[in-house]
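Note sheet for the following structure.
What follows is calculated from the coordinates using simple rules that are stated; it is not laboratory data. What you see is a predicted model; the values in this text were computed from it and never measured. Don't worry about glycine lacking a Cβ; one is built from the backbone with ideal geometry, like all the others, and counts go over all protein chains shown.
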Amino acid sequence: MQTTAIIVAAGRGQRAGGETPKQWRRIAGRTVVEHALEIFRAHPRVDDIVLVIAPADQDIAARLGLSDRVTLVPGGATRALSVLAGLDRARGAAVLIHDAARCCTPPAVIDRVLDALATAPGAAPALPVTDALWTGAGGRVTGIAERDGLFRAQTPQAFHREAIRAAQARADGTAADDVAIARAAGLDVQIVAGDEDNIKITHPGDFARAARIMGAQMDIRTGNGFDVHRFGPGDHVMLCGVAVPFDQGLQGHSDADVGMHAVTDAIYGALAEGDIGTHFPPSEAQWQNAASATFLAHACALARSRGYAITHLDCTLICEAPKIGPHAPAMRAEMARITGLEDSRVSVKATTSERLGFTGRGEGIAAMATATLVQS
């Protein structure tokens, strides 16, 4: 069943303090929204993502390049209207409705709510209340409340899209969350186990708590790649996805894009998954003259399927000619497009070998690359 994640990020989050809405503040180098998005982008059961943001935040989203990674939708005056706007753009038969402020959601929570949709039209993660509950007034305890059967609700909340879409359309906009709307429409909602790490950033101190959780969850991997191709007849060389005019070409079974090959092998290396030849054997004719973007896209998809986000790529091209500098911005942009990263997370640079060795003699081009992957 195709699944769309709807990330709701249109609120103002005033209780979190600061001049910037909480979803656009940074933790561990990225905005809260980006952390939340990456959880779902990396999950193998999520097919596409709709991000609902306030119209006033369009410029922020543009600066982060979010439109290249998700479907952006303007939100409404209330959370319910924002969810409805997201549902109108969702393509999946199943939807995961999630608060952007929950940026530490473990992948297992997503699996549990999706599994529950096999037997129910809706499912939501929650934790049973274990603390004693009091009523109070004027700073004094006025009574004891029963905690049996009480749960702390979390997101993502999963539903069959058409069922929750119909329920949202009939709602009056006052419900606290999507489960309340589903129940008001008579839908059965199954409770699955939540997670203590699945916190919602609400107050100023929650940012530090989220950072600690992220630090504990992170599995950071680094991979290296190296590749060489000799010059041959031609009028251009393919480097990091850009055709650079030159009086020679590069020889290879595919398009011989030495930079993209090195980056691809760096990603495979971080995953301990061999190299390009492992996945695309040169002995197979179907890869003759193939675009190296095919290889890089495969490596990125493999990383996502394992729950890893690629956070940075660095490629160094080693040659006397052609000149790389004038083409480096286009190379970065093309690599960013293929990998789904921001340009600021892709580095392409060049150096010579001081006329030493085969590159110094102008016999070919070498490339080395490093990839950083993070699993949460």
Cut-off 11 Å (backbone N to label point 7 Å along Cα→Cβ of GLU320), residues of the stretch 352-372: 353-364
Given points 7 Å out from each Cα along the Cα-Cβ axis, report the GLU363 to ALA290 separation in nanometres with one decimal. 2.8 nm
Listed residues GLY122, GLY232, GLY357, most fluctuating in the chain (Gaussian network, C-alpha, under 10 Å): GLY357
I need the phi-derived Karplus couplings for the stretch 5-11: 6.51 cos²θ - 1.76 cosθ + 1.60, θ = phi - 60°, integer Hz, Gly and Pro marked x. 8, 10, 9, 9, 9, 9, x
With the stretch 3-217 reduced to its Cα atoms and the Debye formula applied, log10 I(q)/I(0) at q = 0.09, 0.13, 0.18 1/Å amounts to -0.35, -0.74, -1.37
Non-local amide H neighbours of ASP257 (under 5 Å, H modeled in plane, Pro and chain starts lacking H): which ones? SER292
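Test of understanding: ordering SER283, SER254, SER305 by Cβ neighbours within 10 Å, fewest first, what list do you get? Display every interim value, and only then the final one.
Working: SER283 7, SER254 20, SER305 12.
Final ranking by Cβ density, sparse to dense: SER283, SER305, SER254.
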Of the listed values (1) 26, 47, 22, 5, 0; (2) 24, 45, 27, 4, 0; (3) 29, 58, 14, 0, grab the one calculated as P(r) over Cα pairs in 20 Å bins from 0, in percent from the structure here. (1)
Can you give the angle from 0 to 90° between the axis of helix 258-270 and the longest principal axis of the chain, with both taken from C-alpha atoms, to the nearest 10? 40 degrees
How far is helix 206-217 tilted off the main Cα axis of the chain, in degrees rounded to 10, range 0 to 90? 50 degrees
Quick one: angle between helix 79-89 and the longest Cα principal axis of the chain, in degrees between 0 and 90, rounded to 10, please. 40 degrees
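Sort 68-74, 159-165, 2-8 by the packing proxy (mean of other Cβ within 10 Å over each peptide's residues), most packed first.
Details: 68-74: 16.7, 159-165: 20.1, 2-8: 24.4.
Output ranking for 68-74, 159-165, 2-8: 2-8, 159-165, 68-74.
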Quick note, the stretch 219-375: a/c under 1.5 would make it rounded; otherwise a/b > b/c is prolate and the rest oblate (a ≥ b ≥ c, C-alpha gyration tensor); here it is prolate
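If you take every DSSP beta bridge whose two residues both sit in the chain, what share of them, in percent to the nearest 5, is antiparallel? Each step should come with its number before you reach the end.
Details: 44 of 71 bridges.
Expressed as a percentage, antiparallel bridges in the chain total about 60.
Based on DSSP H runs of at least 4 residues, each adding -39500 (n - 2.57), what is the mean residue ellipticity at 222 nm of the chain after dividing by all its residues, to the nearest 500 deg cm²/dmol?
Details: 12 runs with 113 residues, N = 376.
When only DSSP H runs of four or more count, the value is -8500 deg cm²/dmol.
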According to a simple spin-label model (label point 7 Å from Cα along Cα-to-Cβ), what is the distance in nm between LEU302 and HIS203? 4.7 nm
ARG170 versus ASP47, label points 7 Å from Cα toward the beta carbon: distance in nm? 2.7 nm
DSSP loop (so not H, G, I, E, B), at most 11 other Cβ within 10 Å: list which GluC sites (Glu not before Pro) in the stretch 259-326 pass both filters. GLU284
In sequence order, what are the phi-derived ³J(HN,Hα) couplings for the stretch 311-319 according to the Karplus relation 6.51 cos²θ - 1.76 cosθ + 1.60 with θ = phi - 60°, rounded to whole Hz, with x for glycine and proline? 9, 6, 10, 9, 10, 10, 9, 10, 6
For the stretch 321-330, just list the computed ³J(HN,Hα) in residue order, Karplus coefficients 6.51, -1.76 and 1.60, θ = phi - 60°, integers in Hz, with x standing in for Gly and Pro. 7, x, 6, 8, x, x, 9, 4, x, 5
Partners for LYS323 among lysines (Cα-Cα distance below 23 Å; same-chain residues under 8 apart left out): LYS349
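Between THR135 and MET1, what's the calculated FRET efficiency when r is the beta-carbon distance and R0 is 56 Å? Round to 0.05.
Values: r = 44 Å, r/R0 = 0.78.
The formula returns an efficiency of 0.80 here.
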